[in-house]
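Read the structure below first, then the notes.
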Amino acid sequence: MPADTRDSFMLHTMLRREFAALPDLVRAVTRGNVERAQVVADHLEFLVGVLIGHHRAEDERIWPALADRAGAQLDAIPETMRQQHACIEELSDQVMTTADGWCRDNASPARRDMLAESLDALVELLHEHMAMEEVTAIPLAGCHLSDAEWAEMGSYAAAGMPGGTMDLIFGMTLYEAAPQDVTAVLSGLPPVLRAILVDEARRVYADYATHIHGTATPQRSRPVRS
């Protein structure tokens with residue numbers, strides 16, 4: 001059975017929303033509020049961990065498998081995706097270093113503004129990358145990989161993400177997901193268990209969003225850029 005790749009689109013929607021909110025979260029921190037600066041920095045570190053785990057799974061599992069099967073259809077897509085992942089990871093490392101310096105420097109306005117500008121650049125790069133991936137690489141994966149292979153990639157990605165946070169990541173992903181997509185992604189589970197998992201994940205994210213964004217219903221993601 002061809003891979004059902006809609007979970008990747010769901011994750012991308014979550015990443016768009018959460019990364020797009022970061023620059024304003026940083027800019028809202030006042031001078032000397034180190035406690036809040038650390039909360040925002042920890043949130044940034046968590047999101048970067050999710051993003052890098054996702055990208056490394058694609059690089060190590062998806063692109064090699066596609067290279068064996070898609071042939072000429074692939075063109076330069078895998079190498080382009082890897083290069084973009086490398087650029088995103090490099091900029092993410094720089095952002096994390098800046099965030100650490102901001103927290104250590106009494107949440108200074110100068111370092112805050114530097115961090116926010118770096119995050120603006122990261123968000124722009126990330127949006128461009130995901131938009132390209134969604135119209136090139138992911139459709140090919142849906143055609144040439146099986147559901148079992150796609151599920152294995154998902155498990156591999158989850159293992160590389162911040163430990164003990166799967167319920168939160170799931171809740172963040174559910175926030176904007178269409179009900180039919182959630183049902184399809186969890187179709188292998190009994191309905192009762194599915195409902196329990198969804199309710200718990202949504203609760204966990206609502207609590208987390210209130211802590212980070214000040215509301216259980218943060219602004220939704222920007223539209224995909226063409």
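Here are some notes:
- In region 133-152, the condition of being within 19 Å of residue 48 (Cα to Cα) and among the small types (Gly, Ala, Ser) is met by no residue.
- For region 213-224, the candidate set comprises residues that are among the small types (Gly, Ala, Ser) and either over 19 Å from residue 26 (Cα atoms) or within 19 Å of the chain's Cα centre (by Cα) (or both); within that set, the residue that is surrounded by the fewest Cβ atoms within 10 Å (Cβ to Cβ) is 216.
- Some residue of region 156-173 being touching a Phe, Trp or Tyr at 6+ places or on another chain (Cβ under 8 Å), surrounded by fewer than 19 Cβ atoms within 10 Å (Cβ to Cβ) and within 13 Å of residue 201 (Cβ to Cβ): yes
- Neighbours by Cβ (under 8 Å, 6+ apart or cross-chain): first from region 195-207, farther than 14 Å from residue 182 by Cβ; second modelled with pLDDT of 95 or more and of a type in the set (Asp, Glu): 204/167
- Among the residues of this structure, residue 91 does not count as one that is surrounded by 19 or more Cβ atoms within 10 Å (Cβ to Cβ) and not hydroxyl-bearing (Ser, Thr, Tyr).
- All conditions but one from (1) over 22 Å from residue 19 (Cβ atoms); (2) at pLDDT 90 or above; (3) not acidic (Asp, Glu) apply to residue 217; the one that does not is (1).
- Test result for residue 60, more than 30 Å from residue 30 (Cα to Cα) and either modelled with pLDDT of 95 or more or under 21 Å from the mean Cα position of the chain (by Cα) (or both): yes
- Test for residue 12: is it within 16 Å of the chain's Cα centre (by Cα), modelled with pLDDT of 95 or more and more than 23 Å from residue 213 (Cα to Cα): no
- The combined condition, being crowded, with 17+ Cβ neighbours inside 10 Å and outside any helix (DSSP H, G or I), is fulfilled by residue 177.
- Qualifying residue in region 204-212 (condition: at pLDDT 95 or above, surrounded by fewer than 15 Cβ atoms within 10 Å (Cβ to Cβ) and either closer than 18 Å to residue 16 by Cβ or in contact with a Cys (Cβ under 9 Å, 6 or more places away or on another chain) (or both)): no
- Qualifying residue in region 48-60 (condition: in contact (Cβ under 8 Å) with a residue 12 or more places away in the chain, surrounded by 14 or more Cβ atoms within 10 Å (Cβ to Cβ) and basic (Lys, Arg)): yes
The values are calculated or read from the model by the stated rules, or taken from the named source; none is laboratory data. These numbers were taken from a predicted model, which means no experiment stands behind them. Backbone-built Cβ (ideal geometry, glycine too); neighbour counts: all protein chains shown.
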